[in-house]
Structure formats: structure tokens, C-alpha cells
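Heads up, the thing below is written out as C-alpha cells.
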Amino acid sequence: MKILVTGGTGFIGSHTVVELQKEGFDVVIVDNLSNSQKWILDAVADISGVKPEFEQFDLADQKLTADFFSRHNDIVGIIHFAAYKAVGESVAKPLLYYRNNLVSLLNILEGMMVHNIPNLVFSSSCTVYGQPDELPVSEKAPIKKAESPYGNTKQISEEIIADTLASSNLKAIALRYFNPIGAHESAKIGELPLGVPNNLVPYITQTAIGIRQELSVFGNDYNTHDGTPIRDYIHVVDLAKAHVIAVKRMIEKQMKNNFEVFNLGTGIGYSVLDVINSFEKVTGIKLPYKIVDRRAGDVEKVWANPAWSNTELGWKAERSLDEMMDSAWKWENYYAKKNNITTKKR
Ligand code: UFG
């Protein structure tokens, strides 16, 4: 059975392709490589023994997407990762985000309608909850006004999917990710940010390896145990496995209704300083960091109630924060060695 994985050379996409292949699925990846690299296909093949089929084009291009679907009549389901995801950039370039993230979804849904592909797994985000009134946050929590155009594209995408499903035979599962970090145990795939990382863990590993001078911790005056913001960090391999479970749930017709939503988190919140401490403990490296002002748009604390995912999907995040740090660090070292990077700026 063939699954289309859009954005399959990206961070979460590549880990999911490996897990799909392990479970016997065939995979075709579509990616425009705007934020990923083609050699990831070889790395995936190295891990799984199978090089996934690959086409490079932009899913926001209606004609190319329609043409792709008319050439592939053996796809049974789609996991749609391909999207821009930098919160700050989305504030600076909202139209870029709306066009890319929404138009590509429209083109995919049209392809599903025309070619009778019933199953969609959609990459959503805990950003749809904003700063929740109650913690841990469950899927029943109200959707808050988005903090950024990026977050808004996730909210609008869920609405577009719900509206499309209401008038068709399509089915969808939206997976709301908390903070995916870590890397594959082989260290052959991982997070590969272009330029200066926005996210905490790649910034930590790049600082430790000498590419960045020091980490800035954005604020220590929040109402948390050590003053730094709290997130629910989840290992990318745990996240990838949930996608395979979701695909099987759809194919095996186990869904309770035609649009389901699941939180993908561990249920445990860690502060920025907790993450740094875990990194230092696991690696034995003292991380240079300084406390600076808060970052605009950051919520104070958010972590998941994963009970619905645990019981309904039969999925549970298994890997600890220490394992997340250890795998992220091994990946950073593997990548540095592979590219002969020492303190050279990326
Ligand atoms: N942080 C720092 N220094 C850095 C980078 C981050 O202190 O250099 C802090 C942030 O202030 C925050 C925490 O580390 O408290 C995590 O920040 P990330 O940027 O790694 O992650 P976010 O929680 O801001 O964002 C992530 C995803 C988004 C998603 C969002 C939903 O990157 O795609 O979660 O909350 F929308």
C-alpha cells in the first residue's frame, strides 16, 4: 500500500517515512526541498533498506499537483507535512505563509476528491490552543485566536479539512504536535534548520558544537518553577510512530467519525532550564547561555493531556527528555563529521 508523504525529506517527514517503510508501506515523497535536502533520501534508504520514490515540485502549484495525482493512481493515503513553520518569519511574511500552507492543502484535497483517495493525516500543532486556560490541554480545549500567521494557517487548515469532509467521503486525522525534538537512533537523520535556528534544541546543539557562541534564554520571569517557559517536548520517533498508527486506523476503518483530532505530546512539561540541564547531564558539556528578554509571542506554559491518544490510538510517547537530548547531540555530531564542519558557520 502506497502512502504519499508530502514534506517527506523534512524533519518529521523523514522519520515518518522510515517508520512507514518499517511497517511495510510503500512511500512516495513530494517535496520542493525549500527547507530540506535531497541526500536525506539516501539516509532514509540507509536506515530502512529502501529508497523512497521521490518527486520534487511545489504542491502550491495547482497544475503540477493535479498532474502528479493523475500519474499516481495507487495512493491509499496521504500524510501532509509540507508547510512553512517558522513563527517569526510568518509574522514578517504572512502572505507567503497563507499562500504556501493553504493553497497546497487545497490542491491536495482537490486531488483526493478527484481521484478518490479517502485518507488524510494532517500535521497540526498545539499552537492552535494558544495559552490554554487549563493544563494539561486536551483536544476539547477551545481554539484560541492564533498568535501568528503560521498558527492561523494550522487553524484555518483544520477548518478547511472539516468543511471538505462534511460534503465528501473523505476522512482525516489531524495530529496536534507539541514540541518535536531529538533524532533517529542511527543519527543519520535529524533536524536540519537552514541558517540560524529558531528553535531551542538545534540552537543548543549548534552552540555546544561551536557553531553558535551562546544560547539566549528568552526570559526567566515567567510564572513557572524556574521562571523559564514550559513546553511538552516529544521525541520525533515517538511522533513518527503515531503517524503510522493513524494511517492504519484510517485504512482499517477504525475511526469513530470522519474527522478526528489527537494531541501528540508526552503529558510532561519541561522548562527551558530543565532542557539545558538534561543536555548538560547527558553530554557532560557545560552549555554557555545568558538570560535575555522574553521573545514576543511565546506562551508561558503548555503541555498535553495525551489520554485520548493513549486510549483511542493506543499510542504513547516512550522516550525521555534525556533520550531526546542524547539523540539530538549524536545527530549534530554525525552531521558535523559528514560535512567536515567544526566551528564553520552554516
Ligand atoms: N527558546 C530560547 N532560546 C532560543 C530558542 C527558544 O530560550 O534560542 C525558548 C523559547 O522561548 C520557548 C522554548 O525555548 O520557551 C521553546 O521554543 P521553540 O522555538 O523551540 O518552540 P516553540 O514552543 O516556540 O514553537 C514550537 C514550534 C512551532 C509551534 C509551537 C507551538 O516551533 O512550530 O511550538 O507552541 F507552533
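The values are calculated or read from the model by the stated rules, or taken from the named source; none is laboratory data. Remember, it's a predicted structure, so these values are computed and weren't measured experimentally. Virtual Cβ from ideal backbone geometry, glycine too; neighbours counted across all protein chains shown.
Which condition from (1) in contact with a strand residue (DSSP E or B) (Cβ under 8 Å, 6 or more places away or on another chain); (2) assigned to a helix (DSSP H, G or I); (3) within 21 Å of residue 241 (Cα to Cα) is the one that residue 42 breaks?
Unmet condition: (1).
Would you pick out the residues in segment 223-243 that are over 30 Å from residue 23 (Cα atoms) and either in a strand (DSSP E or B) or modelled with pLDDT under 95 (or both)?
Within segment 223-243, 230, 231 meet the criteria.
Condition first: more than 11 Å from residue 238 (Cα to Cα) and surrounded by 15 or more Cβ atoms within 10 Å (Cβ to Cβ). Now tell me which residues in segment 313-324 satisfy that.
313, 321, 323
Here is a yes/no grid of residues against (1) at positive phi; (2) more than 18 Å from the chain's Cα centre (by Cα); (3) at pLDDT below 95; (4) surrounded by 15 or more Cβ atoms within 10 Å (Cβ to Cβ):
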residue: 258; (1), (2), (3), (4): no, yes, no, yes
residue: 272; (1), (2), (3), (4): no, yes, no, yes
residue: 296; (1), (2), (3), (4): no, yes, yes, no
residue: 299; (1), (2), (3), (4): no, yes, yes, yes
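Among the residues of segment 137-184, which ones are modelled with pLDDT of 95 or more, within 11 Å of the ligand (Cβ to nearest atom) and in a loop (DSSP other than H, G, I, E, B)?
The answer is 178, and nothing else.
Tell me whether segment 96-104 contains one or more residues that are more than 16 Å from the ligand (Cβ to nearest atom), surrounded by 18 or more Cβ atoms within 10 Å (Cβ to Cβ) and either basic (Lys, Arg) or over 30 Å from residue 224 (Cα atoms) (or both).
yes
Which one of these is assigned to a strand (DSSP E or B) and touching an Asp or Glu at 6+ places or on another chain (Cβ under 9 Å): 69, 54?
It is 54.
Filter segment 223-233 for residues that are within 24 Å of residue 264 (Cβ to Cβ) and in contact (Cβ under 8 Å) with a residue 60 or more places away in the chain and give the result.
Matches in segment 223-233: 224, 229, 230, 231, 232, 233.
Go through segment 201-222 residue by residue and tally those that are surrounded by fewer than 19 Cβ atoms within 10 Å (Cβ to Cβ) and not in a loop (DSSP other than H, G, I, E, B).
Residues meeting the conditions: 3.
Any residue at all in segment 302-315 that is in contact (Cβ under 8 Å) with a residue 60 or more places away in the chain, over 22 Å from residue 81 (Cβ atoms) and touching a helix residue (DSSP H, G or I) at 6+ places or on another chain (Cβ under 8 Å)?
Within segment 302-315, one or more residues are in contact (Cβ under 8 Å) with a residue 60 or more places away in the chain, over 22 Å from residue 81 (Cβ atoms) and touching a helix residue (DSSP H, G or I) at 6+ places or on another chain (Cβ under 8 Å).
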